[in-house]
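Data block below; observations after.
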Amino acid sequence: MDIPNPAMSYPMLARQVLPPVVSGLFLTGLLATIMSTIDSTALMAAVTVGHDLLGRTRKGAAINPVKRIRWGLALTAGLSILLAIGVPSVIRLWYVIGTLFIPPLLLPLLSAYFPRLRVSNGVAVANLILCFLLPLGWLTAGVLASGDIMNPAYPLGWQPMFPGLGLSVLIFGAGVFLSGDRFKTG
């Protein structure tokens, strides 16, 4: 059996192997799984944006929490739709998201568990901004060079995550060295 779209392999297999009623139940189960995942992920993203991000600003704190979460849902739904249209492959989408968000977040997360890695808030914010922008620029340059988001031609042939991680190590290393806390024992 030739499958033109690998994402359709389970539905096509169910159609060929299962009787019609069982095949319908199987497809309903697949749809229910997808809808449940979308629902829970959208709720989590809406609360994160509406409560955790907007609620921490002065203007956002004055807005009704339910309204903030609704705005968060609209924002994350719109962004999700744009990402789904712009990057049609789920695997490629996860790659792009990981490439952009792992470099700025890895060392701040590790510093929460290892006090010797802690840096000032300014250094952490600089790390978050610069280590996101560098892989974003690297990814953009690769896509523009090849003209295809699915097969970018990266500068120097390096994946965008590596320059971002390198910059993060430099920023955090400088922050730890300059903090004066590098000689603490606990």
**OP:** Would you tally the residues in region 84-116 being surrounded by 13 or more Cβ atoms within 10 Å (Cβ to Cβ), without any contact (Cβ under 8 Å) to a residue 40 or more places away in the chain and more than 30 Å from residue 173 (Cβ to Cβ)?
**Re:** 1
**OP:** Scan 30, 43, 73, 93 and give me the residue that is under 30 Å from residue 142 (Cβ atoms) and modelled with pLDDT of 85 or more.
**Re:** 93
**OP:** Report yes if some residue within region 160-178 is within 30 Å of residue 7 (Cβ to Cβ), of a type outside the set (Gly, Ala, Ser) and in contact with a helix residue (DSSP H, G or I) (Cβ under 7 Å, 6 or more places away or on another chain); otherwise report no.
**Re:** yes
Subject >> Near pairs, Cβ below 7 angstrom, 6+ apart or cross-chain, from region 161-186 (crowded, with 18+ Cβ neighbours inside 10 Å) to any residue that is acidic (Asp, Glu) and at pLDDT 95 or above >> reply: none
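The values are calculated or read from the model by the stated rules, or taken from the named source; none is laboratory data. Being a predicted model, the structure only gives us computed values, none of them experimental. Cβ atoms come from the backbone with ideal geometry, glycine included; neighbour counts cover every protein chain shown.
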